[in-house]
């Protein structure tokens, strides 16, 4: 497998494993930060309800931005053209 194929596989894998969950976290975080994320719990017959704290929403939005940035960085690092080193194929002279 050549380097370009490995780069494409790494980019697609990171997009599926980090990018998609990051987008979902971003949506959930934005709704939580807006203060409209209600919850209802029922444990052993005791029911409670409330809203998720906006602080949790802000944290989720920041975390999602990191998750979304990972595939972008992986794609850039694996698909970029590496600069040619002048004289890269010449043998190294022996140490004096």
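Here are some notes:
- Matching residues, segment 79-96, being under 21 Å from the mean Cα position of the chain (by Cα) and not in a helix (DSSP H, G or I): 80
- Single residue of 47, 5, 41 found to be part of a helix (DSSP H, G or I) and either touching a residue at least 60 places away in the same chain (Cβ under 8 Å) or over 16 Å from the mean Cα position of the chain (by Cα) (or both): 5
- From the options 54, 38, 71, residue that is touching a helix residue (DSSP H, G or I) at 6+ places or on another chain (Cβ under 8 Å) and over 19 Å from residue 14 (Cα atoms): 54
- Residues (surrounded by 13 or more Cβ atoms within 10 Å (Cβ to Cβ) and either more than 19 Å from residue 65 (Cα to Cα) or in contact with a strand residue (DSSP E or B) (Cβ under 9 Å, 6 or more places away or on another chain) (or both)) located in segment 11-48: 32, 37
- Note on segment 50-78: among residues that are touching a strand residue (DSSP E or B) at 6+ places or on another chain (Cβ under 8 Å) and either modelled with pLDDT of 90 or more or not in a loop (DSSP other than H, G, I, E, B) (or both), the one that is nearest to residue 25 (Cα to Cα) is 51.
The values are calculated or read from the model by the stated rules, or taken from the named source; none is laboratory data. Treat the numbers as computed from the prediction; the structure is a model and nothing was measured. Positions of Cβ are generated from backbone atoms using ideal geometry, with glycine treated the same way; all protein chains shown enter the neighbour counts.
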